[in-house]
Structures are given as structure tokens and as C-alpha cells.
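As C-alpha cells, the structure follows; a few thoughts come after it.
The values are calculated or read from the model by the stated rules, or taken from the named source; none is laboratory data. Remember, it's a predicted structure, so these values are computed and weren't measured experimentally. With ideal geometry, Cβ positions are generated from the backbone for all residues, glycine too; neighbour counts draw on all protein chains shown.
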Amino acid sequence: MSFDLDAYRSQVNEAAAYLREKLGTEARVGLILGTGLGKLAEEIDGAKTAEYGAIPHFPVSTVESHHGRLLSGTLGGVTVTAMQGRFHLYEGYDGRQITFPVRVMKQLGVDTLLVSNAAGGMNPLFRRGDLMLLTDHINLQGMNPLTGPNADEWGPRFPDMSEPYDKGLRDIAEQAALDRAIRLQQGVYVAVEGPNLETRAEYRFLRFIGADAVGMSTVPEVIVGNHMGMRCMAISVITDECLPDALEPVSIEDVLAAAAEAEPNLTALMRAVVEEIG
Ligand code: HPA
């Protein structure tokens, strides 16, 4: 089955038209709020919301720990559009569906993408509850959201990936963390398909190939953001310690509890970055 680019483009435009009508303002900063990390949305002032189910062609979150709505309003005086809940490969969506909202955000004027996620920490210096600023990533999801015909007006066929996470944004996040005495680790995120957590042998492998944290999201959105020339930044909450020789069983409840504990720091940091770039 070949991918119908014209249909996809029309769908993006229809969703953007709906949101322009429904949410009004055009935002420059887009936020994607991951597992257990939706609280930042509550700090958005004057938020207008659109349920994913009501937006034309939008996928719908099937994960219980994710809300499914888009909000638009101001955060620290800066106009933002936020996804409260995202889409994952393990839900059965493909790369184009997962990244559909990023294409739509760009149509709405977003040129800066700030992403959060929950991830397993493989760097032995990381502790549960730490935040990790992504410096780089490895795509091990076995797919790429850019395969198939390229929309040249969106971006190049062969996008550069020498710096997928904008250095200027990373510097701002680092300074904001220092100012607030928030411990901010830095490292490489590897994206896997999921939904199972990894085996010991897999964690050993993922650490060996150069990753500090592992998760099931973010990389598709950041690839598409880069494709369209957006500045991207991402922060992981380390929700479990993935040390192959001392591995403990982990449940989704553990992951959510750790995300909830770290959420205030993550929220403070994201907010500070938005204020700084606004
Ligand atoms: N592996 C993959 N994704 C995750 C993990 C993990 O250990 N923890 C939280 N998200």
C-alpha cells in the first residue's frame, strides 16, 4: 500500500483550519506532554481546548495515563499550543499518524517544539526521578516517519541530523536548572517500539551502543520537527533504573509515581524555557 501524500497534506490542513477556528490564537511554541506529565497544561492561562476526538483526522490516545486534548493559551505570557497526551507506535499507529500533530502545529505557526517523556535510566549515575535533557538520540523504532514521498514544501528529502536538539534551547534549559537548583542530567535517548520494557540483555545492549535513557516516544516527533526546521528540545523524566545486573521488576504504577514526583521540577523547567524564549 503506497502512502498518499496529497491526502495526508489535505488532512493536516483541515485539522489546522479547525484548530485555528476553535483555538483562535496562533502559537510559536508547541509542547508535547508525555506519560504522567500533563500538569503543565494546568498552568496555561486562558486555555482553550480541543479534544483529539473532535479534531478532523487526529488520532486518539488509547493510553489511560495520557489525556487526549490540545490546549492553546499563554504560559508565562507566551502563546503556546500543548498536546496533553501523545501517540505511540505501540498503540498501533504508524509514523505518519504519530507525527500528524507536529505537522499541524507547524501549520499553526509553531517553530519551537518542547517535548517531555518518561524514560528508563541506563546511565548508572542516573536516579529515579532525575530529569535528563536530551543531547541526541538513537532511533531503534524500526521505522521512520519520513519514509515515502517527501513533501518538499515541508522539508528536505534528506534532513540533517547533526544537532536534532537545538543547542541554544539546551543552554537555556541548563541555565534555568542551575538557577532553580534542579538536577538536570544530560544524555542520549534511544527510542524503541515497546510496549514491553526491556530485558536485561536489551538494556545491556542499549547502554553499550551509547544510550543513557530508553523510551517509546519523542524521536518520531523530533525527526519531523527537524524536517520542518523547528527548533526542538526534549526532557526525559527518569522513571526507573535500568541496570542489567541489578534489575528490579517495574510496573506502570511505578513509572507513573516517579513521573508524578518529578513533575513539579519538569514543569518549572519547561515554564522557564518558554518564558526565556518568549
Ligand atoms: N523502557 C522503555 N520505556 C520506558 C522505560 C523503560 O525502561 N521506563 C519508562 N519508559
Study note, to complete from the structure: Of (1) modelled with pLDDT under 95; (2) in contact with a Gly (Cβ under 9 Å, 6 or more places away or on another chain); (3) assigned to a helix (DSSP H, G or I), Pro220 satisfies every one except (1)
Review point. So is Gly24 surrounded by 15 or more Cβ atoms within 10 Å (Cβ to Cβ) and farther than 19 Å from Pro145 by Cβ or not?
Key: no
Exercise for review: Take Glu14 and decide whether it is within 16 Å of the ligand (Cβ to nearest atom) and touching a Pro at 6+ places or on another chain (Cβ under 9 Å).
Suggested key: no
Review point. Residues in the range 168-208 that are assigned to a loop (DSSP other than H, G, I, E, B) and either free of Cβ contacts under 8 Å to residues at least 12 places away in the same chain or within 11 Å of the ligand (Cβ to nearest atom) (or both): how many?
Key: 9
Practice item. From Asp152, Asp171, grab the single residue that is acidic (Asp, Glu) and closer than 19 Å to Glu275 by Cβ. Key: Asp171
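Of all residues in the range 79-126, which are more than 16 Å from the ligand (Cβ to nearest atom) and free of Cβ contacts under 8 Å to residues at least 40 places away in the same chain?
If the condition is that a residue be more than 16 Å from the ligand (Cβ to nearest atom) and free of Cβ contacts under 8 Å to residues at least 40 places away in the same chain, then Gly92, Tyr93, Gln97 are the ones that fit.
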Check your understanding: Quick one: would you say Ala259 is more than 30 Å from Pro156 (Cα to Cα), within 11 Å of the ligand (Cβ to nearest atom) and at pLDDT below 95?
Key -> yes
Exercise for review: Keeping to the range 223-240, report how many residues are in contact with a helix residue (DSSP H, G or I) (Cβ under 9 Å, 6 or more places away or on another chain) and either free of Cβ contacts under 8 Å to residues at least 40 places away in the same chain or within 16 Å of the ligand (Cβ to nearest atom) (or both).
Suggested key: 6
Exercise for review: Name, by its number, the condition in (1) touching a Leu at 6+ places or on another chain (Cβ under 9 Å); (2) assigned to a loop (DSSP other than H, G, I, E, B); (3) closer than 25 Å to Leu266 by Cβ that does not hold for Glu26.
Suggested key: (3)
